[in-house]
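Undergrad: Quick one: structure below, then a few questions.
Read the figures in this text as sums done on the coordinates, not as results from a lab. None of these values were measured; they are calculated from a predicted model. As a convention, Cβ positions derive from the backbone with ideal geometry for all residues, glycine included, and neighbour counts pool all protein chains shown.
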Amino acid sequence: MNETEAMKAKKMMILTAISVAGSLGGCTEVSLGYPSDEGLVRIIPDWSELSVPGSASCIFFRSGEFSTSYAYGDVSPVSFSVPLPSGTYRMLAYNSDASGVTFSSLRDADSARVSLGSTAQPGEVYVWSGKGLSVLAGDTVEVNTVPRSLVKTLTLHFQLTGLEGSGSLEGLLSGVYPSLLLFTGEPPASAVSAAPQTVVAFSAELSSETKGSSQLSGSSSVRLFGLLDPDNGSSYDNRLKLALRDSSGSSRSAEVGLSGVLTEILAACSGELTVEVPVEISIDLQWTDSALVASVKAWSLGEGSGKV
């Protein structure tokens, strides 16, 4: 072998050694699963009391660094694992498939919120969270958390006298919160201020069980974030605006003041509607001389009840 051939052979051996070393380095990184300064967080929510949503998003807020957050736009609502740099975190997850709402201010844990998109009722909004999550390099942190629902339901029962056949009812309920903070489930100050002017829409079909009867009835479940508490200010006002259309196409409107009865209901709920306790209000409607008159007849709250 001459000198030129020897030099070519030596170069080939060096290149082969570099290639092998690079392959070994790649294998080592893959086997770890994440860089050496990161740990793994596994989030396991308990859905035993709620229906599992179709999709979810998650954000981790690093303590001590206001602007540092790690967002994952598509994670499994059943359970998921994500790598994070070493540190202490707050975790916030929510179902991203919620209808009729928007999620905003997600870069700040204390400002992250869900808001009504329009007068349409919100779909199910679930939130699950964790605080003080300590992530260590090369370690795995397992977090068991229980999701909670942020949407309450107010059921309205209507009884109409003086009209035969059938009718359809459309309405607006005012005095509802337009948004909630995701971590606490409480309305921000801006939502309290805007509640008197915020409405959600609903509808109901009225019909009679007996043909030819002038007694019609129907129900509507109104989904909302919450009702303005009278302790929040003098602007407190809850009102039903109703529009009734009979089978001939004639339409009449009426309003019902709910502030008094809802004050009683909120007092019974310690100032806040809950997801667990059903709230029902009966509304009496009278169709007289082509005019519609409405009034609150009674309300019920779980095992308690009241009359007005």
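Undergrad: Which of rounded, prolate, oblate describes region 141-245, given a ≥ b ≥ c as roots of the alpha-carbon gyration tensor eigenvalues and a/c under 1.5 marking rounded, otherwise prolate only if a/b is larger than b/c?
TA: oblate
Undergrad: Counting just the Cα atoms, what span does region 70-207 cover along each of its three principal axes? Round to the nearest Å and put the largest first.
TA: The Cα atoms of region 70-207 stretch 74, 32, 19 Å along their principal axes.
Undergrad: Give the residue list of GluC sites (Glu not before Pro) in region 163-228 that are DSSP loop and have at most 11 other beta-carbon atoms within 10 angstrom. Working shown, then result.
TA: Details: sites: Glu164, Glu170, Glu205, Glu209; in loops: Glu164, Glu209.
Loop-located and lightly packed - Glu209.
Undergrad: Normalised by the number of residues in region 152-303, what is the relative contact order in percent for Cα pairs under 8 Å and 6+ residues apart?
TA: Values: 355 pairs, mean separation 46.3, N = 152.
Value for region 152-303: 30 percent.
Undergrad: What shape does region 38-149 take by its C-alpha gyration tensor, where a ≥ b ≥ c are the square roots of the eigenvalues and a/c under 1.5 counts as rounded, a/b above b/c as prolate, and the rest as oblate?
TA: Details: a/c = 2.48, a/b = 1.49, b/c = 1.66.
Judged from the Cα gyration tensor, region 38-149 comes out oblate (a/c at least 1.5, b/c at or above a/b).
Undergrad: Let me ask something else about it. Can you list the residues, at least 5 places off or on another chain, whose amide H is less than 5 Å from the amide H of Ala56, using H built in the peptide plane?
TA: The answer is Val75, Ser96.
Undergrad: Here's a follow-up. Whole Å is fine, so just give me how far the alpha carbon centre of region 249-308 lies from that of region 147-225.
TA: 10
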